[in-house]
Amino acid sequence: MAPNRIVWNSEIQEAILPTNSGQIGILPNHAPLLTALDIGIVKIRLKEQQWSTMALMGGFAMIENNQMTILVNEAEKATEINFQEAEETFQKTKTNLAQAKGKKQVIEANLAFKRAKARLEAISVNMSGMAN
């Protein structure tokens, strides 16, 4: 499936990305980098203390010459996520994960749980106004 929209296209001060080996911070003049992204949230700082968050469902990020390109399977801005729906989905996936049996079912339940958790974290961070 090819990307179907641009979610973000503007100058930023800082980004914190969810990589497969943990979070990574990106500041101006960052060394060139190509990294896989995990399911999680990206935090973007626009000005002094103004942060924005998005839930990412895996992908890749490339940083080069003060340009960052992120290609993801799916992304949702925190402002586009309904808190009540995200909370209900999180609780449902948590229950499904606890009840999962067999390797395949556990893997699928864990993936659904991680996606639901990322959506809930993105909106929770955005609502609190804090980046951490």
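Since every read-out is calculated from the coordinates, none of them should be taken as a lab result. All values derive from a computational prediction rather than experimental measurement. Cβ sites come from the backbone with ideal geometry, for glycine too, and all protein chains shown count toward neighbours.
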Task: Tilt relative to the chain, helix 83-99 - C-alpha long axis, 0 to 90 degrees, to 10 - done: 50
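Report the extension gain between E108 and L71 in nm, rounded to one decimal, defined as 0.36 nm multiplied by the number of residues separating them, less their alpha carbon distance.
On the way: separation 37, 0.36 × 37 = 13.32 nm, distance 2.27 nm.
Stretched fully, the E108-L71 segment lengthens by 11.0 nm.
Give me the dipole magnitude in Debye, nearest 20, for segment 80-128 about the Cα centre, with unit charges on the beta carbon: positive for Lys and Arg, negative for Asp and Glu.
With only Lys, Arg, Asp and Glu charged at Cβ, the dipole is about 420 debye.
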Task: 5 angstrom amide H check on E14, placed H, neighbours 5+ away - done: R45
- [ ] Please compute the net charge surrounding F90, taking Lys and Arg as +1 and Asp and Glu as -1 over other residues with Cβ under 12 Å from its Cβ.
- [x] +2
Task: Amide hydrogen neighbours beyond the local backbone of I24, cut-off 5 Å, H modeled - done: L17, T19
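Enumerate by residue number the GluC sites (Glu not before Pro) in segment 47-78 meeting two conditions: DSSP loop (anything except H, G, I, E, B), and at most 12 other Cβ atoms within 10 Å of the site's Cβ.
On the way: sites: E48, E64, E74, E76; in loops: E48, E74.
Counting only loop positions with at most 12 other Cβ atoms within 10 Å, the GluC sites (Glu not before Pro) in segment 47-78 are E48.
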TODO: Treating the angle as unsigned and between 0 and 90°, give the value, to the nearest 10°, between the Cα long axis of helix 103-128 and the longest Cα principal axis of the chain.
DONE: 50
